[in-house]
1. Let me spell out the model: positive unit charges on the Cβ of Lys and Arg, negative unit charges on the Cβ of Asp and Glu, origin at the Cα centre of the chain. What dipole size does that give, in debye rounded to 20?
2. Just to be sure I understand the model, the point goes 7 Å from the Cα along the line to the Cβ. What's the resulting S240 to F127 distance in nm?
3. At 0.36 nm per residue, minus the direct Cα-Cα distance, what do Y192 and Q97 gain on full extension? Give it in nm, one decimal, please.
4. For region 203-295, what does the alpha-carbon gyration tensor say about shape, rounded, prolate or oblate, given a ≥ b ≥ c as the root eigenvalues, a/c under 1.5 as rounded, and a/b over b/c as prolate?
5. Order M183, M224 by their accessible area, 1.4 angstrom probe, all chains in place, largest first.
6. With the crude spin-label approximation of a point 7 Å out along Cα→Cβ, what separation in nm comes out for E214 versus F231?
7. How much solvent-accessible surface does Y227 expose, in Å² to the nearest 10, with a 1.4 Å probe and all protein chains in place?
8. Taking amide H positions as placed in the peptide plane 1.01 Å from N, state which residues far from N108 in sequence (5 or more) or on other chains have amide H under 5 Å from it.
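The values are calculated or read from the model by the stated rules, or taken from the named source; none is laboratory data. Bear in mind that the values here come from a model prediction, so they are computed numbers and not experimental data. Please note: Cβ atoms are built from the backbone with ideal geometry, for glycine as well, and neighbour counts cover all protein chains shown. Ligands, DNA and RNA are excluded from the accessible area calculation, which covers all protein heavy atoms including side chains. Shrake-Rupley method; radii C 1.70, N 1.55, O 1.52, S 1.80 Å.
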Amino acid sequence: SSGINAEYGVTNIEIFWQNSGNYLAVKVDRIVRNRESENVFEIFRLREKDVPVENFEIKNKVLSLSWDPKGPRFALIQGDQGRTDVSFYRIGEKIAQIGKTLVNKKCNTIKWSPLGQYCVLAGLNNFAFDGMLEFWDVGSDTPTLMESGEHFMVTHLAWDPTGRYVCSSNSYGGHSVENGYFMWSFQGTKLYETSLEGFVQFQWRPRPPSLLTEAHLKEIKKNMKSYARDFEIKDKLSKSKASKELIEKRRRVYDEYMAYRKRKDQELKALRLQYEEVRSDSVEEEYVEEVVEFFIKEEVEAAENKE
């Protein structure tokens, strides 16, 4: 299907495509009653019949809009470069905000995971933001902050194609000091960091497209809990098998040691019997008793005269 939408009194238009091609956001600046209105958005549902469009207006100044590349969500950064707020929206029957607005965030960029749902709020190329990084999960009715980190003087942010890792980097083109990159998990855990003098650019190796269709991927996500249970059972069986093999190995070593010890005990008993037999068969030695007298001294006494 296709549709035509006419705009009048427009001074500027910005277009934001969703990666999957399901939605299109148009920021329209038009003059209304002799004043310029800068925060009117039109959301086009490109996959639906006649391409329906929905308008909504944001009170504060909008700095940027970024789409969830897979899901019906988008984020807005509002305010100015010194003070920014972030809001998330979901497209259902109507456009509705997800949770409350996140106020006073040190960010000027929102980078979504290529698989959707997760995003990083970052302050790139801005000393005032101190290189703050916040890792958010926007999959439920309320955005959840998973973790926050810091990469001072960060200039670039790049998700890997699997959506499992994020690389923050400080390139030589942005700053001439503290060049290098940090590696993070999608949940915000710092995994690795390194400094590289003259570091210029970081890029992930691209991956081929998935062999699974969108329908298969949706089915997997829908039944993820049952798949997780199956994998847990297989993991437990694998661990129990490894434990059984270890127990059998230890039992075998123990049995070998006990057999060796029993054999040596029998050999020792045989040696003792042989020793006792040798002692009983030996001839007892004959002993001769001799008496030896020694002359010590002689005393002479005179006899008394009794006349």
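1. Numbers: 45 positive and 49 negative charges, 835 e Å.
So the dipole magnitude of the chain works out to roughly 4020 debye.
2. About 6.3 nm, to one decimal.
3. Working: separation 95, 0.36 × 95 = 34.20 nm, distance 3.52 nm.
Using 0.36 nm per residue and subtracting the Cα-Cα distance, I get 30.7 nm.
4. Values: a/c = 7.38, a/b = 5.14, b/c = 1.43.
Prolate, because a/c is 1.5 or more and a/b exceeds b/c.
5. M224, M183
6. With each label point 7 Å from Cα toward Cβ, the separation is 2.4 nm.
7. For Y227, the solvent-accessible surface is approximately 80 Å².
8. A122, G123, L124
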